[in-house]
1. Taking the stated definitions as given, is Glu77 surrounded by fewer than 11 Cβ atoms within 10 Å (Cβ to Cβ) and in contact with a helix residue (DSSP H, G or I) (Cβ under 9 Å, 6 or more places away or on another chain)?
2. Just for segment 36-47: of the residues that are without any contact (Cβ under 8 Å) to a residue 24 or more places away in the chain and away from the ligand (no atom under 13 Å from the Cβ), which one is farthest from Ser58 (Cα to Cα)?
3. Tally time: how many residues in segment 7-38 are surrounded by 10 or more Cβ atoms within 10 Å (Cβ to Cβ) and within 30 Å of Val105 (Cβ to Cβ)?
4. I'd like to know if segment 101-115 contains one or more residues that are surrounded by fewer than 11 Cβ atoms within 10 Å (Cβ to Cβ), over 28 Å from Ala3 (Cα atoms) and of a type in the set (Val, Ile, Thr).
5. Looking only at segment 62-115, count how many residues are of a type in the set (Phe, Trp, Tyr) and under 16 Å from the mean Cα position of the chain (by Cα).
6. What's the number of the condition Thr60 fails, among (1) within 15 Å of the ligand (Cβ to nearest atom); (2) exposed (fewer than 11 other Cβ atoms within 10 Å of the Cβ)?
7. Would you mind stating whether His33 is farther than 30 Å from Val97 by Cβ and either within 16 Å of the ligand (Cβ to nearest atom) or touching a Gly at 6+ places or on another chain (Cβ under 7 Å) (or both)?
8. Could you tell me which residue of segment 62-94 is nearest to Cys38 (Cα to Cα), considering only residues that are touching an Asp or Glu at 6+ places or on another chain (Cβ under 8 Å) and of a type in the set (Val, Ile, Thr)?
Amino acid sequence: MVAPYLRRLKRVRVRTPGGRTVFHFRKPKTGKHVCAICGRPLHGVPHGRRPVEVRKLSKTERRPERIFGGVLCADCERKVIEIAFYVKIGEKDIHTVDIKLRPYVEVALKRMVVA
Ligand SMILES: [Zn+2]
């Protein structure tokens with residue numbers, strides 16, 4: 001019997017160096033990563049690859065090297081940074097910010113350089 005944890009994996013027929021044909025079990029390919037706020041698919045992140053293939057990519061091939069890279073889409077990132085700016089200069093109160101955006105605004109505030 002196949003081990004229960006292998007049943008959900010994809011079975012692939014592989015020819016070994018000795019000429020035997022065996023079945024290997026592969027983890028399924030990953031789906032598209034989506035923005036944590038609006039749910040749109042993210043750019044610059046790997047999809048349609050197995051986890052083992054993603055691990056072999058370089059660090060910069062796995063997600064964009066900028067704040068909220070691989071977490072938020074460019075539009076939401078811009079929105080969050082703008083709100084963080086208005087909170088920083090005192091135009092807006094952090095408690096009036098949408099509860100969904102607030103954790104990201106707090107992270108952006110911590111990363112902001114005091115002018
Ligand atoms: Zn978004």
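Bear in mind these aren't lab numbers, they're just calculated from the coordinates by the rules spelled out. Treat the numbers as computed from the prediction; the structure is a model and nothing was measured. Glycine gets a Cβ as well: all are built from the backbone with ideal geometry, and neighbour counts include every protein chain shown.
1. Working: surrounded by fewer than 11 Cβ atoms within 10 Å (Cβ to Cβ): no; in contact with a helix residue (DSSP H, G or I) (Cβ under 9 Å, 6 or more places away or on another chain): yes.
Criteria not met by Glu77.
2. Among them, the one singled out is His47.
3. From segment 7-38, those surrounded by 10 or more Cβ atoms within 10 Å (Cβ to Cβ) are 7, 9-12, 14, 22-30, 32-38; that's our starting set.
Filter again for within 30 Å of Val105 (Cβ to Cβ), leaving 30, 32-38.
The qualifying residues number 8.
4. Yes: one or more hits.
5. Residues in segment 62-115 being of a type in the set (Phe, Trp, Tyr) and under 16 Å from the mean Cα position of the chain (by Cα): 2 in total.
6. Of (1) within 15 Å of the ligand (Cβ to nearest atom); (2) exposed (fewer than 11 other Cβ atoms within 10 Å of the Cβ), only one is false for Thr60: (1).
7. Details: farther than 30 Å from Val97 by Cβ: no; either within 16 Å of the ligand (Cβ to nearest atom) or touching a Gly at 6+ places or on another chain (Cβ under 7 Å) (or both): yes.
Spelling it out, it is not the case that His33 is farther than 30 Å from Val97 by Cβ and either within 16 Å of the ligand (Cβ to nearest atom) or touching a Gly at 6+ places or on another chain (Cβ under 7 Å) (or both).
8. Residue satisfying both the conditions and the ranking: Ile67.
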